[in-house]
1. Out of all DSSP beta bridges in the stretch 19-157, what portion is antiparallel? Express it as a percent rounded to 5.
2. Below 19 Å, Cα to Cα, which aspartates and glutamates can LYS215 reach? Residues fewer than 8 away in the same chain don't count.
3. Which of HIS8, HIS292 comes first, and how do the rest follow, when ranked by fewest Cβ neighbours within 10 Å?
4. Rounded to the nearest 20 debye, what is the charge dipole size of the stretch 172-355 about its Cα centre when +1 sits on each Lys and Arg Cβ and -1 on each Asp and Glu Cβ?
5. Rounded if a/c is under 1.5, else prolate if a/b is larger than b/c, else oblate: which is the stretch 263-354, with a ≥ b ≥ c the root eigenvalues of its Cα gyration tensor?
6. Once the other residues with Cβ under 12 Å from the Cβ of GLY115 are scored (Lys, Arg +1; Asp, Glu -1), what is the net sum?
7. Could you tell me how many degrees, from 0 to 90 and to the nearest 10, lie between the Cα long axis of helix 26-35 and the main elongation axis, the longest principal axis, of the Cα atoms of the chain?
8. For a footprinting-style exposure proxy, rank LYS344, LYS54, LYS284, LYS359 by other Cβ within 10 Å, fewest first.
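Throughout, read-outs are computed from the coordinates displayed, never taken from laboratory work. Values in this document were obtained by computation on a predicted structure and should not be read as measured data. Cβ sites come from the backbone with ideal geometry, for glycine too, and all protein chains shown count toward neighbours.
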Amino acid sequence: EQELIRIHGFGRNPALPGTLDPGNGGLILRLLMAIGLFLPEVKFVTKHPESLGKRPQGDLIAALRDLGAEVEAVAGHLPITIRGGRPLRRRQVALSGLVSSQFATSLLMMAPLLGGLSLQITDQLSSRPPVATTLQVMREAGIEPQVDWANLHFTIPGGSYRPGVYRVPGDYPATSALLAAAVLLPSEVTVMNLNPHDQQGEKQVIPYLQQLGAKLETSADRVRVFGGNPLTAVDFYGEEAIDAVLSMVAVACCTEGITRFRGVGNLRWKESDRIGDLARELRKLGVEVTEHDDGLTIKGQPAGYEGGIEINTYQDHRIIMTFAVLALRTRRGLFLKGAEHVCKSYPDFFTDLTTLGAKVEYIAD
């Protein structure tokens, strides 16, 4: 069943919201922060100080200040107050892309409504596929960015977005958790609504799982998994598939050999420290794991794990899905603390996992 959502845009004249709470959504916060350039004042707060409250926003704050906004924040973190609603100070701005590509997405999307911007990414761009997707959607809406990928320079003309009809594609990051579960157990699972031509970097998990020895067949918009094959470790460079890395960590924990995850240092700045916090919980389970500045090394255990312990998920939907998948390869299961936070990106995750045959029990506090 397909849902239709109709959105009436605000153009260049957003309402005056006063205070906004973006929940635990980093992308939501960052998109809204750029809209602050149109507003005389807006304040952002969060009820998740241990998650979103710890995520760094300093690079975007610096860019907004360069453009002429007044911004109040504590060391680049929430709560944040932005005072805009005035002519831009300049139309060229530099922005670090080291921590997150979401900062670039935020400014790129608002650039046409601001009369045009020239954006120079410094350092590096931590994940290119989401920015490429942003630019493609802008083109579909009538804006033609000039893009120099070699120098990470983007020139966006002023203009208005053209309304249209958009089909939301299947989500490869969420799919990666289902694929991980399917390859780890004897199974035959088909996942549908996956555009093979989509620019989501996380689709690279399909050939990666095949490299490990998993049997996956692709056709049109679906992937069919024949699970239960022996798996042999292969290193994973995850910079452009950052939101599928943790699902592949779950697989690595059950493969034969040692897997090195590289190019994923910005996992430390997500809803949790997805390197340090993840490693801490994996060790509780008995996984041999080593942390690095840019990733992790996992020594797999094909026989699985004993389990029967409580896992702190740090209110992080990706960590929740990772340990839900790993629980399938334990003898006594796992207790996932804060599992309700999976709703951030995949509200039906546990329902779908149950459909695949997993035993899920909801325990009241």
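1. So the antiparallel bridges in the stretch 19-157 amount to around 65 percent.
2. Straight-distance partners of LYS215: GLU188, GLU202, ASP235, GLU256.
3. Working: HIS8 6, HIS292 13.
Lowest to highest Cβ neighbour count: HIS8, HIS292.
4. 420
5. oblate
6. Working: positive: ARG12, ARG90, ARG91; negative: none.
Value of the local net charge: +3.
7. So the helix axis and the longest Cα principal axis differ by about 10 degrees.
8. On the way: LYS344 19, LYS54 16, LYS284 13, LYS359 9.
In increasing order of surrounding Cβ atoms, one gets LYS359, LYS284, LYS54, LYS344.
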